[in-house]
1. Restricting attention to the range 151-165, does a residue exist that is crowded, with 24+ Cβ neighbours inside 10 Å and not hydrophobic (A, V, I, L, M, F, W, C)?
2. Yes or no: L126 within 12 Å of W184 (Cα to Cα) and out of contact with any Phe, Trp or Tyr (no Cβ under 7 Å at 6 or more places or on another chain)?
3. For the range 66-104, how many residues are surrounded by fewer than 19 Cβ atoms within 10 Å (Cβ to Cβ) and part of a helix (DSSP H, G or I)?
4. Tell me yes or no: at least one residue of the range 163-178 is under 30 Å from K397 (Cα atoms) and out of contact with any strand residue (DSSP E or B) (no Cβ under 8 Å at 6 or more places or on another chain).
5. If we only count helices (runs of 4 or more DSSP H) wholly inside the range 317-397, which ones have 3 or more residues that are buried (at least 17 other Cβ atoms within 10 Å of the Cβ)?
6. Quick check on the range 54-93: of everything there that is at pLDDT below 95 and among the small types (G, A, S), which residue is nearest to K271 (Cα to Cα)?
7. Among the residues of the range 29-47, are any under 20 Å from Y203 (Cα atoms), at pLDDT 80 or above and open to solvent by 10 Å² or more (accessible area, probe 1.4 Å)?
8. Spot the failing condition for Y181; the list is (1) in a loop (DSSP other than H, G, I, E, B); (2) surrounded by 23 or more Cβ atoms within 10 Å (Cβ to Cβ), and only one is missed.
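The values are calculated or read from the model by the stated rules, or taken from the named source; none is laboratory data. In this text, all values refer to a predicted model and were calculated from it rather than measured experimentally. Backbone-built Cβ (ideal geometry, glycine too); neighbour counts: all protein chains shown. In case anyone asks, the SASA skips ligands and DNA or RNA and just uses the protein heavy atoms, side chains included. Shrake-Rupley method; radii C 1.70, N 1.55, O 1.52, S 1.80 Å.
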Amino acid sequence: MKNLLTVVAFHCFPQLAITLIVVSGMGTLFADDSIGLVQEQPQEGRFVKTDRGYMIPYKVALPYADVEFEMIPVAGGTFLMGSPASEDNRDDSEGPQREVTIEPFWIGKHEVSWRNYKPYMRMYDLFKDFETEEIRKVTDDNRLDSVTAPTPLYEPSFTFVNGDEPNLPAVTMSHFAARQYTKWLSGMVDYFYRLPTEAEWEYACRAGTKSAYSFGDNSDKIDEYAWYSDNSDDTYHPIGEKKPNAWGIHDMHGNVAELVLDQYQADAYQKGGKSLNGDATVVWSTKMFPHVVRGGSWYDDDDQLRSAARLQTENWREEDPNLPKSPWWFTDEPALNIGFRLVRPLNAPKNKEARNKYWKIDNETLQWNVSDRMEEGRGVYGLSNPDLPAAIEKNKKR
């Protein structure tokens, strides 16, 4: 049985057509595809027409954790992915351009903040309590519901050197940890969240434009839309302070660069043909590094904030004293620039096996890192499913 999802309309913001979903842990009101969908065309605000109804912006709140995030609907469509050879400061890995068809999805209005990430971090102690008490055990029958929680930070002053206030973007998590976060969240609310694919990310960033930035071909207006090297004071800033793009999405340029699902390959756009559907563009991960990072950050120059600009993760764990090094955290300075945001596809996979493809351990080195931590008691698995919020509340009363 799913969680009971209490729905409250935001009458004070009718122009946004927002729905608030409050997770309370007692059952369900909806089928898996109904949150953020209405059958009647909204009179105002952003919406996307589909064959299942009208996609609208919505909010999800986890009341036990003071967590709330907002999702913005994005219509399906076809776009040119990558940059033309004539674009200033382009890299060869951004081409050749190819035509990509994207299915409808919702994307986070903002980057995932510390307010949203820290409740997941707290799962480590909670799962350890469950393990000690031998409750909510992970077994072969429920293993697809299991997630790892990030171990406590070895050196919090590094990760939090630029602040950890609730509205600041969360940073320094690994690609694996970001994917496990989306699995943790999906399990509790019983709706499918994941990292965006690289194609989805660029499509959402462009917001219907073909220019170098979502606001034009030159960077004259970039201060209005982005935190970057010239205006950031060498730090990230609270989410949503700069103008959104035309589709209402904030910080797609700058603030923190964002992890996407894909493994980085410099020649990725040379494969698969000139016209593809979005799924066919995904470079599935088979090794720990590198992964694609998009959008540029507070540390980067404006040319790295272009809609087509591609950066990549590296093994930012040299300063990690652990052996094996943490699968959940980066410890080296470039990671202070790296965060992520959520995507929820309209046409989500219907079974756990298909969904798990987006979350699972995907290479031998990562498997060894995680397994070693578990065997030594420096890691923990726990179940993330619709009963977890109630279990959290019960554990608080012990």
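1. Scanning the range 151-165 turns up no residue that is crowded, with 24+ Cβ neighbours inside 10 Å and not hydrophobic (A, V, I, L, M, F, W, C).
2. no
3. Summing the residues that are surrounded by fewer than 19 Cβ atoms within 10 Å (Cβ to Cβ) and part of a helix (DSSP H, G or I) in the range 66-104 gives 1.
4. There is at least one residue in the range 163-178 that is under 30 Å from K397 (Cα atoms) and out of contact with any strand residue (DSSP E or B) (no Cβ under 8 Å at 6 or more places or on another chain).
5. 364-375, 388-396
6. Restricting to residues being at pLDDT below 95 and among the small types (G, A, S), the top hit is A61.
7. The answer is yes; a qualifying residue exists.
8. (1)
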